[in-house]
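Remarks on the structure that follows.
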Amino acid sequence: MDPCEQCPSYIRDIAPYQPGKPISELAREMGLDENKIVKLASNENPLGVSPKAKKAIERELAGLSRYPDGNAFELKAALAKRYGVAQEQLVVGNGSNDLLELVASAFLAPGKAAVYSQHAFAVYPLATQARGARSIVVPAKDYGHDLEAMVRAVDDETYVIWVANPNNPTGTFAAPGEIEAFLRRVPERVLVVLDEAYNEYLPAELRGDSVKWLKRHPNLVLTRTFSKAYGLAGLRVGYALAHASVADIMNRVRQPFNVNSIALAAAAAALDDMEFVARSYAENLRGLQQLEEGARGLGLDFIPSQANFLTIRVGKAPEIYKRLLRRGVIVRPVGGAYELPEHLRVTVGTPQENARFLAALAASLRD
């Protein structure tokens, strides 16, 4: 008997997550020079790594023969000080994706359900399905979360609601007042995961103090990452803030040493590098404007974004995507599970990379 047949059907039915195409893969496939390829597919920081994080990485190299601190004391202490929470309210993960998986492992199972929006982050359905739980997908409203409809969709089997704010891949954003009103209506037994991976890219006037909501809503979990504005995507480190009892449950299913020592040291240092984060925010704002103006100049519609990417409607997106690849530009198609078959998502790059993309897009539309 094939051992794979013993695997639950809900596992065998999972369509694996498809990451952005690596530069090296495109170079091999099309015989291109890696140095001339522009990758704008994975929402990475075009400014690179925080200088303070680089120094921390160098200091940590001598200790690589030792296991990392499984409790992430130094990083948790820095985060606790920054946000005014107890260390018992923190969970550290191998990227914020790991934290989403921890929530699913701890709170979802066959016979339970999770609510999330159409066009929401692909990990939500994957994490839900991998536990044999039922997905309740709520139609999007103007490409974003219809929070009222999501509350109405909660049933007796619902134990988790996934909300990305800003959302990936659409860049849409729900104002703090909307989120607070939503939280007040969600039953207390239902865990709300507010995924704030792109929080640092929000302008000051749009940022709510979501950490303060934890005191009023013990069913709230906030997840954030060092992969975006802090420039540490390759190290994979994120964190969750939650009620201490929820954090305790998440830590029970967390793998020992799930974040490596270099990532822990780099994240603690990057958290203190507010100058780098401010520069990342400013460069991203200029880059978004550049991409928006370029899209308008080409007569293309786009979804207004509050993140570090822009999702543009190009028509025959799969074909345009291939034409861009041939020109050495990697973006992200968002058809399939994201249900945006006419759109491409492009990460904000450097001014030169943005210009390269817009020129390649113009040429690809003419082909």
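Using a 7 Å offset from the Cα along the Cα-to-Cβ direction at both Arg185 and Arg279, what is the distance between the two label points in nm, to one decimal?
4.4
Once amide H atoms are placed 1.01 Å from N in the peptide plane, what residues at a sequence separation of 5 or more from Ile161, or on another chain, have their amide H within under 5 Å of its amide H?
Val115, Leu191, Val192, Val193
Which whole-Hz couplings ³J(HN,Hα) result when phi for each residue of the stretch 33-43 is put into the Karplus expression 6.51 cos²θ - 1.76 cosθ + 1.60, θ = phi - 60°, listed in order with x for Gly and Pro?
6, 3, 5, 9, 8, 10, 9, 10, 10, 10, 6
Using a 1.4 Å probe, what is the accessible area per residue for the stretch 301-367, in Å²? If you can, show how the numbers build up before the last one.
Numbers: 2720 Å² over 67 residues.
Ligands and nucleic acids excluded, the result is 41 Å² per residue.
Over the stretch 224-362, what lengths in whole Å, largest first, do the semi-axes of the equivalent ellipsoid take, defined as the square roots of 5 times the eigenvalues of the alpha-carbon gyration tensor? Numbers along the way, then the final one.
Working: eigenvalues 231, 71, 39 Å².
They are 34, 19, 14 Å, listed from largest to smallest.
Taking the simple approach of a point 7 Å from Cα along Cα-to-Cβ for both Arg313 and Asp367, what is their distance in nm?
2.3
Rounded if a/c is under 1.5, else prolate if a/b is larger than b/c, else oblate: which is the stretch 105-259, with a ≥ b ≥ c the root eigenvalues of its Cα gyration tensor? Numbers along the way, then the final one.
Working: a/c = 1.31, a/b = 1.04, b/c = 1.26.
In terms of gyration-tensor shape, rounded.
When the chain is fully extended, how far beyond the present Cα-Cα distance does Arg296 get from Arg12, taking 0.36 nm per residue of separation? Don't jump to the answer; show the numbers that get you there.
Working: separation 284, 0.36 × 284 = 102.24 nm, distance 4.30 nm.
So the extension gain works out to 97.9 nm.
Using the Cα gyration tensor of the chain, with a ≥ b ≥ c the square roots of its eigenvalues, what is the shape: rounded (a/c below 1.5), prolate (a/b larger than b/c) or oblate (neither)?
Values: a/c = 1.43, a/b = 1.21, b/c = 1.18.
Because its axes are fairly even, with a/c under 1.5, the chain counts as rounded.
Roughly how many debye, to the nearest 20, is the charge dipole of the chain about its Cα centre, given +1 on each Lys and Arg Cβ, -1 on each Asp and Glu Cβ, and no other charges?
Working: 43 positive and 42 negative charges, 92 e Å.
That gives the chain a dipole magnitude of about 440 debye.
Once you list every other residue whose beta carbon is under 14 Å from the beta carbon of Gly335, what net charge do they have if Lys and Arg are +1 and Asp and Glu are -1? Kindly include the intermediate steps, with their values, before the conclusion.
Values: positive: Arg313, Lys316, Lys322, Arg332, Arg345; negative: Glu319, Glu339, Glu342.
With Lys, Arg at +1 and Asp, Glu at -1, the neighbours total +2.
Grab the Cα-Cα distance for Cys4 and Ala109, subtract it from 0.36 nm times how many residues apart they are, and report the gain in nm with one decimal. Provide the component values of the computation, followed by the final result.
On the way: separation 105, 0.36 × 105 = 37.80 nm, distance 2.03 nm.
Working it through step by step, the gained length comes to 35.8 nm.
Say the dipole of the stretch 1-71 comes from +1 at the beta carbon of Lys and Arg and -1 at that of Asp and Glu; which of Leu47, Pro19, Asn35 then lies farthest toward its positive end?
With unit charges placed on the Cβ atoms, the residue in question is Leu47.
Of all DSSP beta bridges located in the chain, what percent are antiparallel, nearest 5?
Working: 19 of 38 bridges.
Beta bridges within the chain, antiparallel portion: roughly 50 percent.
Given Cβ point charges of +1 (Lys, Arg) and -1 (Asp, Glu) and nothing else, what value in debye, to the nearest 20, does the dipole of the stretch 165-316 about its Cα centre take?
Values: 17 positive and 16 negative charges, 101 e Å.
Charge dipole of the stretch 165-316: 480 debye, to the nearest 20.
Calculate the dipole size of the stretch 55-197 relative to its Cα centre from +1 charges on Lys and Arg beta carbons and -1 charges on Asp and Glu beta carbons; express the result in debye to the nearest 20. Let's see the in-between values first.
On the way: 14 positive and 18 negative charges, 40 e Å.
About 200 debye.
In what sequence, largest accessible area first, do Met150, Met30 appear using a 1.4 Å probe? Display every interim value, and only then the final one.
Values: Met150 0, Met30 75 Å².
From most accessible down to least: Met30, Met150.
Provide Rg and Dmax in Å for the stretch 281-358, with only Cα atoms included in the calculation.
Every Cα atom of the stretch 281-358 included, Rg and Dmax give 11.8, 33 Å.
If you take the charge dipole of the stretch 47-187 about its Cα centre, with +1 on Lys and Arg Cβ and -1 on Asp and Glu Cβ, which of Ala104, Gly177, Gly93 is farthest toward its positive end?
Gly93
Which far-off residues, 5 or more places away or on another chain, put their amide H under 5 Å from the one on Val138, with H placed in the peptide plane?
Amide H neighbours of Val138: Tyr116, Ser117, Gln118.
Any chance you could run the full-extension gain for Lys212 through Asp248? It's 0.36 nm times the residue separation minus the Cα-Cα distance, nm to one decimal.
11.0 nm
Reachable aspartates and glutamates from Lys21, Cα under 14 Å, same-chain residues fewer than 8 places away excluded?
Excluding near neighbours in sequence, the set is Glu29, Glu34, Glu44.
Evaluate the relative contact order of the chain (contact order divided by residue number), counting alpha-carbon pairs under 8 angstrom at least 6 apart; express in whole percent.
Details: 684 pairs, mean separation 87.6, N = 367.
Once normalised by length, the contact order is 24 percent.
In the neighborhood of Met250, defined by Cβ-to-Cβ distances under 12 Å, what is the net charge if each Lys or Arg adds +1 and each Asp or Glu adds -1?
Details: positive: Arg252, Arg254; negative: Glu88, Asp98, Glu101, Asp248.
Result for the local shell: -2.
Using the Kyte-Doolittle scale, which helices in the chain average at least -1.0 and also have C-alpha atoms spread 18 Å or more along the helix axis, with helices defined as whole DSSP H runs? If you can, show how the numbers build up before the last one.
Numbers: long enough: 274-297 (34 Å, -0.65); 351-366 (23 Å, 0.08).
TM-like helix candidates: 274-297, 351-366.
Send over a whole-number figure in Å² for the accessible area per residue of the stretch 99-179, probe 1.4 Å. Working shown, then result.
Working: 2670 Å² over 81 residues.
Per residue, the stretch 99-179 has 33 Å² of solvent-accessible surface.
The values are calculated or read from the model by the stated rules, or taken from the named source; none is laboratory data. Because the structure is a prediction, the values reported are computed rather than measured. Here Cβ is always computed from backbone atoms with ideal geometry, including for glycine, and neighbour counts include all displayed protein chains. Only protein heavy atoms, including side chains, enter the accessible area calculation; ligands, DNA and RNA are left aside. Shrake-Rupley method; radii C 1.70, N 1.55, O 1.52, S 1.80 Å.
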